[in-house]
Structure formats: C-alpha cells, structure tokens
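Step one of this worksheet: look at the structure below.
Bear in mind that the values in this text are calculations on the coordinates, not laboratory data. Just so it is clear, the structure is predicted and the values come from calculations on it, not from any experiment. Counting neighbours? That spans all protein chains shown, and the Cβs are built from the backbone with ideal geometry, glycine included.
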Amino acid sequence: MRGCPDNPRNALFPVSVALYLAAACVVLSFPVFGTELKPATAQAFQGYVQEAEEQMQSEVDNPYQFLYIDALPEGQKAAVIGRLKNGEVVIQPMTTNGHETPTQVPGGLIHHWLAIGFIPGVGASQVLQLWQDYSRYGELYKPDVQSAQILSRQGEDFDVYYRLYRHTIVSVVYNADFEVEYFIPDASRNYSLARSTRITEVQNPGKPGEREYSAGKDHGYMWRLNLYSRCVERDGGVYVQIEFLALSRTVPAAFALLVNPYMRSIPRDYLKRYLDETRTALAHP
C-alpha cells in the first residue's frame with residue numbers, strides 16, 4: 001500500500017521535467033565519478049513504477065478521489081484546501097512501501113514526490129493547453145528547462161525532447177526524450193503520464209567539445225524519470241497535482257546522514273517554483 005508521512009491515504013507533475021531536477025543531482029556534496037546503471041537497479045525501479053501506476057490508475061478512474069486530497073478525512077481535507085486557496089503549494093514525499101523517499105533499491109535510490117496547488121480563475125482546458133505548448137517551456141521554466149520540442153504527435157500522445165539544466169554545487173545538463181500520454185475523462189478533468197525513454201548527461205554543454213555520456217554510464221544523478229500530472233476544475237479554479245518518480249545512484253553510507261536531508265529539502269523549493277510559474281503563465285497567457 002502506498003503511503004507518505006503526512007498522508008493518511010497510506011501511500012501515493014507535466015509535465016515539466018523541471019520538477020525532478022531539484023532531486024536529480026542527489027549526490028552533490030561529494031565527488032562522484034563514472035557510475036553504471038545495473039540491470040537489477042533498472043528492474044527494481046520498473047517494479048516500483050508498476051505498483052505506483054496501478055494505484056494511480058485506480059485514483060484517476062474514480063472522479064470522487066481524483067486528487068490525493070479527496071481521500072483525506074473531511075476536517076483535514078478542508079484544512080489543506082484552505083492552505084491551497086491561500087496560495088500555498090502542498091508538497092509530500094511519497095512511497096509505495098511504507099518507507100520515506102528516497103527508497104533504496106540494489107544500486108540505486110527511488111525518489112517519489114507529490115505537489116498540489118490551486119490556481120483561481122482558470123479552467124482545466126487552459127491548463128491542458130499550456131502543458132501541451134512545449135515550445136514555451138524554455139521561456140516559462142528556465143533555467144531548469146533550457147528548451148523543449150515536440151518530436152512527434154498522434155492525437156493526445158507526444159514524443160518530446162527536453163534540454164535540462166540543474167545547478168547546485170555542480171552544474172549538470174541532460175538531453176532527455178519522453179513519451180507523454182494525455183487523457184481527458186471529461187471537460188473538468190485531465191491527466192498525463194510522461195515516461196522517460198532516454199536520459200543522457202551532457203559533457204561540456206554548449207562548447208565545441210560537447211558530447212553525451214553513454215546512457216546509464218555517467219555520474220548517476222538521474223537515470224530514470226516519470227512524471228504524472230492531474231488537473232481538475234472546481235471551486236472557481238483548478239487544482240493541479242504533480243507526482244514524479246525518479247531513479248538515481250545510491251549515496252555512500254558515509255555521506256547519507258549529510259546528503260539525505262538535503263535531498264529531501266531541495267524538491268520542495270523547485271516543486272513550488274514550478275507551480276508558481278505555471279500560475280503566472282496562466283495569468284499572463
């Protein structure tokens with residue numbers, strides 16, 4: 001059963017890849033050299049994803065529990081909605097197995113977070129239109145997203161390329177391809193699933209010697225990334241929920257006590273910024 005420390009649901013964002021960049025460079029306080037993604041690590045991540053997506057599907061299929069707040073006790077739900085309507089972004093670490101994020105698997109760490117915000121005065125169709133306007137991502141979500149481009153589209157299914165940037169103690173640039181599926185159950189609700197199909201760390205970005213590391217053979221800051229968004233129109237605006245799952249290399253035990261709190265704090269800032277930037281973009285189309 002999925003759970004999170006602050007969520008009595010016991011257990012559970014698109015579409016912009018900027019969401020994960022806060023937690024992607026998780027081993028930034030110590031030197032890290034070449035690391036290889038092992039098949040067992042990738043398999044463990046995929047198993048976690050399958051379990052998480054099964055739970056997500058049961059939620060989006062139920063219009064009365066479309067958002068994570070819908071499953072909260074009434075008193076707690078009202079309190080959270082009050083915070084959201086005051087402009088706060090509520091952010092939760094999530095998990096499927098009762099442990100706090102990040103979850104350790106053989107050779108890797110799974111990072112699972114959820115954020116939700118309220119944007120007044122707009123409708124679900126406006127949010128969907130913004131999310132699918134990838135040509136604006138480099139403008140709206142810079143510097144974390146340097147550029148985005150639709151590679152192909154069939155109906156509501158997209159193949160999208162992102163050029164991603166993250167700077168904390170070190171600067172990291174990625175080239176990433178995603179398959180993105182959008183679903184529109186009705187005029188008031190939509191959701192999407194974005195799954196990475198290729199993530200490569202870039203060496204010497206923007207310089208004559210620029211090249212990509214081989215996929216899965218790099219510093220291990222971000223090997224996999226899936227993002228899930230939900231939008232529902234109600235209460236004179238829209239509730240936007242973003243959830244992401246990502247895989248990175250492990251943190252050596254000697255650094256875990258130092259790095260793990262840092263890993264948990266950074267995503268909150270960036271998830272908030274993403275939703276704030278989305279709110280601003282919708283207010284100034």
Please list, ordered by chain and number, the residues whose modelled amide H lies under 5 Å from the amide H of residue 122; skip anything fewer than 5 residues away on the same chain.
238
Two pseudo-spin positions, 7 Å from Cα along C-beta at residue 284 and at residue 54, lie apart in nanometres by 4.6 nm
Length gained, residue 179-residue 77, 0.36 nm per residue minus C-alpha separation, equals 33.4 nm
Derived scalar couplings ³J(HN,Hα) [the stretch 184-193; Karplus, 6.51 cos²θ - 1.76 cosθ + 1.60; whole Hz; x for Gly, Pro]
10, x, 7, 5, 9, 9, 8, 8, 9, 10
How far apart, in nanometres, would the label points at residue 207 and residue 36 be if each is projected 7 angstrom from Cα along the Cα-to-Cβ direction?
2.7 nm
Highest mean first, what order results for 229-240, 106-117, 181-192 on Cβ atoms within 10 Å?
106-117, 229-240, 181-192
Highest mean first, what order results for 150-157, 54-61, 194-201 on Cβ atoms within 10 Å?
194-201, 54-61, 150-157
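Please work out the FRET efficiency for the pair residue 197 and residue 64, using the Cβ-Cβ distance as r and a Förster radius of 41 Å; give the result to the nearest 0.05.
That gives a FRET efficiency of 0.75.
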Please list, ordered by chain and number, the residues whose modelled amide H lies under 5 Å from the amide H of residue 203; skip anything fewer than 5 residues away on the same chain.
211, 212, 213
Just to be sure I understand the model, the point goes 7 Å from the Cα along the line to the Cβ. What's the resulting residue 214 to residue 156 distance in nm?
4.0 nm
